[in-house]
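The values are calculated or read from the model by the stated rules, or taken from the named source; none is laboratory data. The structure displayed is predicted, hence computed values, not measured ones. Here the Cβ positions follow ideal geometry from the backbone for every residue, glycine too, while neighbour counts run over all protein chains shown. Note: areas computed on protein heavy atoms with side chains; ligands, DNA, RNA excluded. Shrake-Rupley method; radii C 1.70, N 1.55, O 1.52, S 1.80 Å.
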Amino acid sequence: MNLFELIKTRRSIRRFTEEPVSDELINKIIEAGTWAPSGKNNQPWKFAIIKDKDLKAQVSELTHYAKCVLSAHALIAVFLDNSASYHTIKDAQAIGSCLQNMLLTIHDEGLGAVWLGEILKNGDKVRELINGSADLELMAVIALGYPAGKGGKGSRNKFDQAIFFRK
Ligand SMILES: Cc1cc2nc3c(=O)[nH]c(=O)nc-3n(C[C@H](O)[C@H](O)[C@H](O)COP(=O)(O)O)c2cc1C
C-alpha cells in the first residue's frame, strides 16, 4: 500500500484474535513512534508495554473500554516525560505524532489497534500499576493485536468543509 492508501484505510480496531504479536513487531511499532518529529527534538515520550494477563485485567478496570483492553494482545501505554518537557502544547503534539506513526505501522504490519484516550481519567492509576515515576503523565494507551474482523466503515466530514481559507 502506498502511504496515502495506508492513511485512508487505517481504522480503529477494538477486537482481536488470540494470535500473539512478536516482541520484534512491538519493538518496531515503538521505534516508528520514536521517529516522530518533536520540538527541539526533545523526544518527550516514554513507553510501557503491558502483555501480562493479570496486569491487563487491572488496567481494564480503569476504563470503559475494558473488553477491548482484555482482548488486546498487548497494550502500549504512551507517557509524556515531564522531566524532558519544554512546552506543554508542543510536547503533546509530538506525542500525537508519535502515536500516529505507531498506528500506521501497526496497520502496515496487518495488525489492528485503537488509541484509547478515555482511560486518561485514570492516568495516575495506570502509571502506579506499572511503577512509573511521578514525572510520567499518561497520554494514551494503544490496544493492539491481530484484528478479529474489520473496523468501522470510516467516515470523515466532506473535504471542502475542512478548508476555510484558500487564496
Ligand atoms: C485522542 C483520541 C482519543 C481516543 N479515545 C478513544 C477511546 O477512549 N476509546 C475508543 O474506542 N476509541 C478512541 N479513539 C478512537 C476514535 O474513536 C477513532 O479514531 C475515531 O472514531 C475515527 O475512527 P477511525 O480511527 O476508525 O478512523 C480515540 C482517538 C483519539 C485520536
note = Every listed condition ((1) touching a helix residue (DSSP H, G or I) at 6+ places or on another chain (Cβ under 8 Å); (2) crowded, with 16+ Cβ neighbours inside 10 Å; (3) under 17 Å from Val126 (Cα atoms)) holds for Cys68 save (1)
message = Being away from the ligand (no atom under 13 Å from the Cβ), at pLDDT 95 or above, more than 16 Å from the chain's Cα centre (by Cα) and of a type in the set (Val, Ile, Thr) narrows it down to one residue among Thr105, Thr17, Thr34; which is it?
response = Thr17
message = When you scan the range 74-96, do you find a residue that is in a helix (DSSP H, G or I) and either more than 14 Å from Met139 (Cβ to Cβ) or touching a residue at least 60 places away in the same chain (Cβ under 8 Å) (or both), even just one?
response = no
query = Identify, please: which residue in the range 108-132 is outside any helix (DSSP H, G or I) and within 13 Å of the ligand (Cβ to nearest atom) and is, among those, farthest from Ala66 (Cα to Cα)?
reply = Gly112
request  = Could you grab me the full set of residues in the range 57-68 that are more than 16 Å from the ligand (Cβ to nearest atom) and closer than 22 Å to Leu80 by Cα?
outcome  = Gln58
The range 21-39: number of residues that are closer than 21 Å to His73 by Cβ, open to solvent by less than 40 Å² (accessible area, probe 1.4 Å) and not in a loop (DSSP other than H, G, I, E, B) = 6
Leading residue by the ranking (surrounded by the most Cβ atoms within 10 Å (Cβ to Cβ)) among those in the range 1-20 that are touching a strand residue (DSSP E or B) at 6+ places or on another chain (Cβ under 6 Å) and of a type outside the set (S, T, N, Q) = Ile13
message = Looking only at residues that are touching a strand residue (DSSP E or B) at 6+ places or on another chain (Cβ under 9 Å) and farther than 18 Å from Trp115 by Cβ in the range 43-57, which one is surrounded by the most Cβ atoms within 10 Å (Cβ to Cβ)?
response = Gln43
